[in-house]
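K.L.:
Pasting in a structure now, in structure tokens, and then I'll have a few things to ask.
Nothing in this text is a laboratory measurement; each read-out follows from the coordinates by a stated rule. Here the structure is a predicted model, which is why all the values come from computation and not from measurement. Backbone-built Cβ (ideal geometry, glycine too); neighbour counts: all protein chains shown.
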Amino acid sequence: MRRTPPSSVSSTSINATSFRLLAPLRRTPGGRGSPVSLSDRAYAAIRDEILRGQLRPGMPLSRRRLAQELGMSVLPVTDALRRLEADGLVESRARAGTRVRVPSDADIRALYELREALESQSSRLFAQKAKPAERRELKALAGRVDALFNRLHASGDDPAFRFTVHSQHVRLHMFIAQHARNHLLTEMIERNHVLILNWLFDVGARRSPLPPDFHAQLVEALVSGDPEVADTAMRGHVRYGLAEIRGNFDALEASEWRERKRPRVDRPVRGTQAKK
């Protein structure tokens with residue numbers, strides 16, 4: 001994939017980066033026009049359900065049931081779950097089963113420390129390198145993201161709208177990373193899934209609404225041009241609500257690993273008749 005030169009980062013490249021984070025489908029070998037494989041379809045469908053909050057942390061994942069719902073065999077579903085486990089969205093345990101990942105307290109702390117390190121640096125670079133038009137665009141994007149989060153709290157449990165809100169949230173943070181103009185830093189944010197896992201944590205464990213102008217306040221610091229101010233603001237932004245998320249995930253740690261079996265219905269043995 002071609003990299004955007006440091007001197008000309010476009011809105012198109014931002015959207016492309018956000019799309020890679022949200023739907024990184026890989027086509028099967030065979031040249032141009034190769035169809036998306038069954039494994040890719042299963043991966044995208046299950047990932048979508050997790051990020052929409054319809055498959056929540058701790059929910060057991062039955063390969064057979066997923067295969068039936070997706071209209072395919074168990075094999076591509078198994079491969080999709082393996083890829084989702086590598087992404088950190090799913091976890092498996094021998095002789096126990098597979099479920100949507102319930103991160104341990106150590107997992108959450110490590111992810112937040114990594115995200116803070118990466119995003120505070122991207123904020124410092126944005127404050128130094130972003131052009132005036134890019135600063136104005138980020139302020140407008142922050143206003144839209146805050147408005148969406150405010151509506152999300154008022155709208156109740158709407159998985160489709162929640163997906164839209166978090167998609168735009170990822171877009172905002174990737175906009176900052178792209179306009180920091182350090183492609184290695186941007187790739188590290190993508191490769192370590194720090195924004196997608198943060199999304200999972202928010203959907204699974206955040207209950208309190210964000211402050212009304214939460215992202216606008218962050219962006220005011222970033223567009224100030226002062227890297228120290230930008231660094232401090234991003235660190236506070238990343239840490240916000242961490243204690244709540246850690247506490248709520250603690251309650252999910254003992255979740256069941258397998259789906260509960262349906263009640264058994266006794267049927268007459270073949271070849272026998274009920275006595276009259």
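K.L.:
Just subtract the alpha-carbon distance of Leu70 and Asn192 from 0.36 nm times their residue separation and send over the number in nm, one decimal.
P.N.:
Using 0.36 nm per residue and subtracting the Cα-Cα distance, I get 41.1 nm.
K.L.:
Can you give me the distance in nm between label points at Arg144 and Asp87, each placed 7 Å from the Cα along the Cα-to-Cβ direction?
P.N.:
2.3 nm
K.L.:
If the chain between Ser224 and Leu242 were fully stretched, how many nm would it gain, using 0.36 nm times the residue separation less the Cα-Cα distance?
P.N.:
Full-extension gain reported as 3.9 nm.
K.L.:
Quick check: convex hull of the Cα atoms in the stretch 105-250, volume per residue, rounded to a whole Å³?
P.N.:
Spread over its residues, the Cα hull of the stretch 105-250 gives 95 Å³ apiece.
K.L.:
Let's test the formula: R0 of 51 Å, r as the Cβ-Cβ distance of Asp79 and Gln217. What FRET efficiency results, to the nearest 0.05?
P.N.:
It comes to 0.75.
K.L.:
Kindly identify the stretch 36-100 as rounded, prolate or oblate by the Cα gyration tensor criterion: order the square roots of the eigenvalues as a ≥ b ≥ c, call it rounded if a/c is under 1.5, otherwise compare a/b with b/c, prolate if a/b is larger, else oblate.
P.N.:
The shape class here is rounded.
K.L.:
Starting from 0.36 nm per residue, how many nanometres of slack lie between Arg151 and Thr232 once their C-alpha separation is accounted for?
P.N.:
26.4 nm
K.L.:
Then there's this: Count the net charge of all other residues whose Cβ sits under 9 Å from the Cβ of Phe126, scoring Lys and Arg as +1 and Asp and Glu as -1.
P.N.:
So the surrounding residues net to +3.
K.L.:
For a bin width of 5 Å, list the pair-distance distribution of the stretch 123-191 built from all Cα-Cα distances, rounded to whole %.
P.N.:
Whole-percent P(r) values from 0 Å outward: 3, 17, 23, 18, 16, 12, 8, 3.
K.L.:
What percentage of all Cα-Cα pairs in the stretch 159-245 are separated by more than 18 Å?
P.N.:
49 percent
K.L.:
Another question about this same structure. Return the whole-Å distance between the Cα centroid of the stretch 192-238 and the Cα centroid of the stretch 97-133.
P.N.:
Each part's Cα centre sits 9 Å from the other's.
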